[in-house]
Every structure is written in C-alpha cells, then in structure tokens.
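Engineer: If you scroll down you'll find the structure; I have some questions about it.
A short reminder: the numbers here are calculations on the coordinates, not readings from a lab. All values reported here derive from a predicted model rather than from experimental measurement. Every residue, glycine as well, gets a Cβ built from its backbone with ideal geometry; the counts of neighbours run over all protein chains shown.
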Amino acid sequence: MEILTIDTKPIEGQKPGTSGLRKKTRTFMEPHYLENFVESIWTGIGGVTSKTLVLGGDGRYFSPEAAQVILRMAAASGARRVIVGQNALLSTPAASNLIRTRATDGGIILSASHNPGGIDEDFGVKFNNSNGGPAAEDVTGRIFEATKSIASYKIAETQNVDLSQPGEYAMGDMVVEVVDPVEAYAQLMEKLFDFDAIRRLISGGFTMRFDAMHAVTGPYAKAILEGRLGAAPGSVLNAEPKPDFGGGHPDPNPIWAKELMAAMNGDTPPDFGAASDGDGDRNMIMGPGLYVTPSDSLAVLAANAHLAPAYAKGLAGVARSMPTSRALDAVAARKGIDCYETPTGWKFFGNLLDDGRITLCGEESAGTGSDHVREKDGLWAVLLWLNILAETGKGVVELVHDHWAEYGRNFYTRHDFEGVDADRATEMFDDLRGRLDSLAGQEFCGRIVERADEFSYEDPVDGSVARQQGLRVMFAGGGRVVYRLSGTGTVGATLRVYLEDVSEDATAQDRDAQEALSDMARAAEEIARIEHYTGRTEPDVRA
Ligand code: VG1
Ligand code: CO
C-alpha cells in the first residue's frame, strides 16, 4: 500500500455549522474538497495515529465514495481500526452508541440529516468525540482553523474495501471492521425499555405506522418494531434507505411527512404514528388526528419517563435548547429538578450529560434524547412513547390532553423563511440587535414587551461561552418570539422565527396552534420587519 502526499490549498467556507459541515453534494465532490476537510479533522483532533474510529452515515448520494476516501485517509495517517456500518450505513444515534460501547476515539458521520440527498442536493460530514457526541465548539474551531492553512493531505493508494459484508479487512496496517448497523443499537433499546409490555400492547390490537421516509431508520424500525416487538408487517413505511430518499425531504414534520399525516388524519387512523429523519436522530409523534409538537413531546416524555425501566429512578435533570418551548420547564419545576437552557444544537448537551446533570433533553426541531447516547435519537423517542402508552394504558391524545390539563398548554410553532438573501438577513439581525434595549415597554399587536435580549450561554461544566445564539423578545403574560439564523442550510440564509404563548385555559385543548399564535406572528413581523428585509410575507414551513 503506497501512501501519497497530495498538495492542496485551503478552500474557503469549510466552517462546521450547527451539526458538522453541510454543503451541496457537488461541492463535496469537487477536487480536494472532502479530503481537505477530513485532513483538517485529523489536525483538529490532534492526529489519528493509533486511533480507532467509527464511520457511517445515512446512505445519501456520494456516501459510498466518501467512505472509501475517509478509510484511505485514515489508513494513510496511521489509524489502528475503523468500525464501519455495513454499506457505510449507521444512523446517527447508532454511530454514537458504537463510539461509546466500543471505547473508540470518536467517529465520522456522513449525513446532512433532514436535508434532501442526491447529486444536486446536500451532503455533510461531522466529527463526534469519544463520548459519542458532536465535537464541541473548541474542536470544530480547530478543524476550521486547519482548513484555512492546509497545504497537503495523506491518502493511501489501494483498492476499495468491500463494505457489503460484515467482517474484518486489512487496509495496510489498519483494520476495517464492517459491522451490522442495527444489532448493537437494537440490544441497547431492549435494555432501556420494557419490550414485553410493548409486545403485550401490540398483541392486544394496538396499531402503528412508522414512516422511515426512505432514510436510514428503515432497517432499524423493521428489526425493532416489526421484528422484536411484533408490529404488523407493513407498519414501517418507506423502509428502504435510498440515496435520494425517494426524491423527498427526509424531514419529519407535518409538511414533509405527508403520507403519515394523511393516514393519521384519515377515517381509520392507527393508534400511533411516527416518523424519523435522514440520519435517524429526529422523531415526529402523532396520535389519531393529533400532531404532537416536539416541544410537547419532550415535556410529556420528561413527565412520564420513570415508567420505563431505564429511567425508573427518576431524572437527574433536564435540558432544552433555548428556542424550544418552556413546556419542559413546567415539568421540571413540578419534579423539583434542574432545567438547563442551551443554544441550538446537540453539542451543547454533551457536557451536561457527561457530568450527570441531566438525563433527558431535547429541541423543538424534533430531537429528543437521553444519556443512553450523546445524540438525539428518533427511534428511542418512539420506543419511550410506546413504553409509556403501554404502562399507562392511555392513547396518545388522552396522554397529551391530560398533560395539558395538568401543566397548562404552551402553544408553539416555528416559522421558517428559507433561502433568503444572506446579507439582508444579517442586516435584519443587526437592525434588531441595535433596538433590543429599547423594546421593553413597547406594545406590538396588543402585547407589551417585558424584556428583549440576545442569548448567550456559559457552559456550567467547562465555563466555555457561546454568544449570539438568537434574539429573544419576551412579552408580559409569558409569550415569546425568538429569531435565529439556521446553521445547517446550504443555500442563502434560513430565518427561523419561533413563536410561543402560554395558556392556562382548559378549553384551549382543541385550539389550533397556528390560529392561537397568529397575533404573535404579526408581532414578530412588526418587531423585526421581516418583509422589509426578506421580501417574504409568508413562511415556507410552519413546523
Ligand atoms: C437545525 C435545528 C437544530 C438541530 C440541527 C441539527 O439547526 O434547528 O435544533 O440540532 O438542525 O439537526 P439549524 O441551525 O438549522 O436551526 V439534524 O437532525 O440536522 O442533525
Ligand atoms: Co438528523
């Protein structure tokens, strides 16, 4: 095996965002683009010599080729072993689990998550630490610095490794270990939850539909829901992972999970509906005729997690990303446990989980997880829901309505304005940032602003500080508007406007969230002048 040293030059824009580096697939396919970034990862983590890594991803277009490049670069730089999911497939939580249980030095995940796949769509590369979680900001910062000064990279000249069969293969001195992507993950789930109780629920006639959206969770859901738990064959839809996700957005929300929405809102809906995203870390939960917002789902899970064996002792604490609704805070207050508020992105939960401060955490963007891995975990959330339904004997709708009756209801929605002009979006933020201090006391659409600020976060474990994590406007009476720019998009800028209002009105249960938040949406427009800066009057997505 010959090791080549290839001369290269820095490529602009290789700055990891909310969750790794995401770009158009064609950008990743340009000469040296992937190689520069991978070599910079090696630099950012202090080299890979003698290290063991995990490698896998959501199977999107260009993944097989990228996996071979990464293997050849790992071998060239002296890695000891790389554990790869069969056909380079691993869901993000399964990768996190392998990184942890095999005591490795970290891993590389090939995914752009919920973004579409294909040669004209998106690709992504993310490095996770030895704790199984996304690299923290100091590491991504070092990786980015390395991309700006790279002059060469090392790559082995050798045959591709056959990744289609489990087994061990040699690449020079490095071992490539190809593993079944599902097995270890399924075993972990079986340890956390009461599979017998869920099996009894299902054999008693409880029906479900899980939409894998042609993405990575298909094989996991088939093996666990249909295989181990006995859900009827065909309960898992779109179960075969495809490089272009069947041409859809593998994003589990009411807009993109159309088939599931139709089934759950139809005449004979199953008892439970769920979906996951491209890389299997997000979840969407539905009951007959009811979409459970991710923020509500997080709160319901926190309130009831003790019904599952893994959490029977209770939760050490909980956390949510700042824009996530404060429904979780009400549960934490009742339980007398800490509730942390972190910036958007799973990397900020890592220290809290490692330090034992929290057991459960989540984001409004359909991510929920616990200390079992260091990523959000779509199927885990589905199984925890099923475990809770089995224990309580309640249906989804009843459980959610009971929750609102007990804790109050937080109306919540996120409005996304996609592909807006990045410079104009920055101007909008600069303008609003400059006016934050003057907003208190002003009235917008009948609401009085109590306080407004820009969120920054000091990590209580290592003291690191993350600034400029979203502009917040808090109203008297508990309403809130948050503005953020996405760090995962690949075209222009995506403006996210998060709207929340609190209701203690028990009759609010049937109220539509969009309608309940319509004056908040108008206030959000008035405060930030969204139309003036972006030209948009309507969001592209109301999640
Ligand atoms: C989005 C979500 C964020 C999530 C991130 C990665 O980030 O808002 O909550 O952690 O995607 O999720 P942004 O910066 O676009 O708002 V995934 O499923 O892409 O790994
Ligand atoms: Co994802």
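Engineer: Determine the shape class of the stretch 137-256: with a ≥ b ≥ c the square roots of the Cα gyration tensor eigenvalues, call it rounded for a/c under 1.5, and otherwise prolate if a/b is greater than b/c, oblate otherwise.
Structural biologist: Working: a/c = 2.29, a/b = 1.81, b/c = 1.27.
Here the stretch 137-256 falls in the prolate category.
Engineer: Exposure proxy check: D501, D431, D512 ranked by fewest other beta carbons within 10 Å? It would help to have the intermediate numbers written out before the result.
Structural biologist: Numbers: D501 23, D431 13, D512 10.
In increasing order of surrounding Cβ atoms, one gets D512, D431, D501.
Engineer: Hey, another quick one. Computed over the Cα atoms of the stretch 72-175, what is the convex hull's projected area averaged over all directions, in nm²? Can you show the working numbers first?
Structural biologist: Details: hull surface 32.0 nm².
Approximately 8.0 nm², given one-decimal rounding.
Engineer: Kirkwood hydrodynamic radius, computed over distinct alpha-carbon pairs, for the chain: how many Å, to one decimal?
Structural biologist: On the way: mean 1/r = 0.0421 Å⁻¹.
The Cα-based Kirkwood calculation yields 23.7 Å.
Engineer: Hey, with R₀ at 22 Å, roughly what FRET efficiency would D138 and R80 work out to, going by the Cβ-Cβ distance, to 0.05?
Structural biologist: Details: r = 25 Å, r/R0 = 1.12.
Efficiency at R0 = 22 Å is approximately 0.35.
Engineer: Viscosity 1.306 mPa s, temperature 10 °C: give me the Stokes-Einstein translational D for the stretch 363-414 in µm²/s, with Rh taken as the Kirkwood radius over C-alpha pairs.
Structural biologist: Details: Rh = 12.7 Å.
D = 126 µm²/s.
Engineer: What is the fewest-to-most order of T43, T140 by other Cβ atoms lying within 10 Å of their Cβ?
Structural biologist: Numbers: T43 19, T140 22.
Final ranking by Cβ density, sparse to dense: T43, T140.
Engineer: Using a 10 Å cut-off on Cβ atoms, rank the peptides 460-470, 67-77 from the highest mean neighbour count down. Walk me through the numbers on the way to the answer.
Structural biologist: Details: 460-470: 13.1, 67-77: 23.0.
Highest mean packing first, the order is 67-77, 460-470.
Engineer: Using 26 Å as the Cα-Cα cut-off, could you pick out the over-long pairs in K9/K376; K148/K242; K9/K126; K126/K258; K313/K394? Each step should come with its number before you reach the end.
Structural biologist: On the way: K9/K376 35 Å; K148/K242 34 Å; K9/K126 21 Å; K126/K258 29 Å; K313/K394 22 Å.
Exceeds cut-off: K9/K376; K148/K242; K126/K258.
Engineer: Given labels modelled 7 Å from the Cα in the Cβ direction, how far is it in nm from R26 to R199?
Structural biologist: In this crude spin-label approximation the distance works out to 5.2 nm.
Engineer: For the chain, list the DSSP H helices whose alpha carbon atoms reach 20 Å or more along the long axis and whose average Kyte-Doolittle value is 0.5 or above?
Structural biologist: On the way: long enough: 378-392 (21 Å, 1.43); 422-439 (25 Å, -0.73).
Span-like helices in the chain: 378-392.
Engineer: If I histogram all Cα-Cα distances within the stretch 376-511 using bins 10 Å wide from 0, what percent of pairs lands in each bin?
Structural biologist: For the stretch 376-511, the pair-distance distribution reads 10, 26, 31, 25, 8, 0.
Engineer: Continuing with the same structure: Aspartates and glutamates within cross-link reach of K154: Cα-Cα under 16 Å, excluding same-chain residues under 8 positions apart?
Structural biologist: By straight Cα distance, K154 reaches E2, D7, E35, E39, D173.
Engineer: Starting from the Cα gyration tensor of the stretch 309-397, multiply each eigenvalue by 5, take the square root, and state the resulting semi-axes largest first in whole Å. Walk me through the numbers before you get to the answer.
Structural biologist: Details: eigenvalues 82, 42, 39 Å².
Over the Cα atoms of the stretch 309-397, the semi-axes work out to 20, 14, 14 Å.
Engineer: Using the beta-carbon distance between D180 and A232 and R0 = 25 Å, what value does 1/(1 + (r/R0)^6) give for FRET efficiency, to the nearest 0.05?
Structural biologist: Numbers: r = 24 Å, r/R0 = 0.97.
In this case the efficiency is close to 0.55.
Engineer: Let me ask something else. Using Cβ counts within 10 Å as a stand-in for footprinting exposure, how do D510, D354 rank, fewest first?
Structural biologist: Values: D510 6, D354 16.
If I rank by nearby Cβ atoms, fewest first, I get D510, D354.
Engineer: Can you give the FRET efficiency to the nearest 0.05 for E454 and K9, using r as the Cβ-Cβ distance and R₀ = 35 Å? Don't jump to the answer; show the numbers that get you there.
Structural biologist: Working: r = 36 Å, r/R0 = 1.03.
So, using R0 = 35 Å, E works out to roughly 0.45.
Engineer: May I ask which residue of P233, I255, M213 lies farthest towards the positive end of the charge dipole of the stretch 211-262, with charges of +1 (Lys, Arg) and -1 (Asp, Glu) on Cβ and the Cα centre as origin?
Structural biologist: P233
Engineer: Starting from 0.36 nm per residue, how many nanometres of slack lie between E341 and E418 once their C-alpha separation is accounted for?
Structural biologist: Numbers: separation 77, 0.36 × 77 = 27.72 nm, distance 2.57 nm.
Going from the current span to full extension adds 25.2 nm.
Engineer: Then there's this: Which distance in nm do the two modelled labels at K313 and Q442 give, with both placed 7 Å along the Cα-to-Cβ direction?
Structural biologist: About 5.0 nm, to one decimal.
Engineer: What is the stretch 176-221 by shape, rounded, prolate or oblate, if you read a ≥ b ≥ c off the alpha carbon gyration tensor as root eigenvalues and call it rounded for a/c under 1.5, prolate for a/b larger than b/c, and oblate otherwise? Before the final figure, lay out each step's value.
Structural biologist: Values: a/c = 3.88, a/b = 1.49, b/c = 2.61.
Oblate shape, in that a/c is at least 1.5 and b/c is the bigger or equal ratio.
Engineer: Can I ask one more? Any chance you could run the full-extension gain for E145 through Q509? It's 0.36 nm times the residue separation minus the Cα-Cα distance, nm to one decimal. Let's see the in-between values first.
Structural biologist: Numbers: separation 364, 0.36 × 364 = 131.04 nm, distance 5.04 nm.
In short, 126.0 nm is gained.
Engineer: Would you mind computing, in nm to one decimal, how far apart the modelled labels at E2 and E531 are, each placed 7 Å from Cα along Cα→Cβ?
Structural biologist: Rounded to a tenth, the inter-label distance reads 6.5 nm.
Engineer: Pull out the extension gain between H306 and T101, defined as 0.36 nm times the separation in residues minus the alpha carbon to alpha carbon distance; nm, one decimal.
Structural biologist: Working: separation 205, 0.36 × 205 = 73.80 nm, distance 2.41 nm.
Computed gain between H306 and T101 is 71.4 nm.
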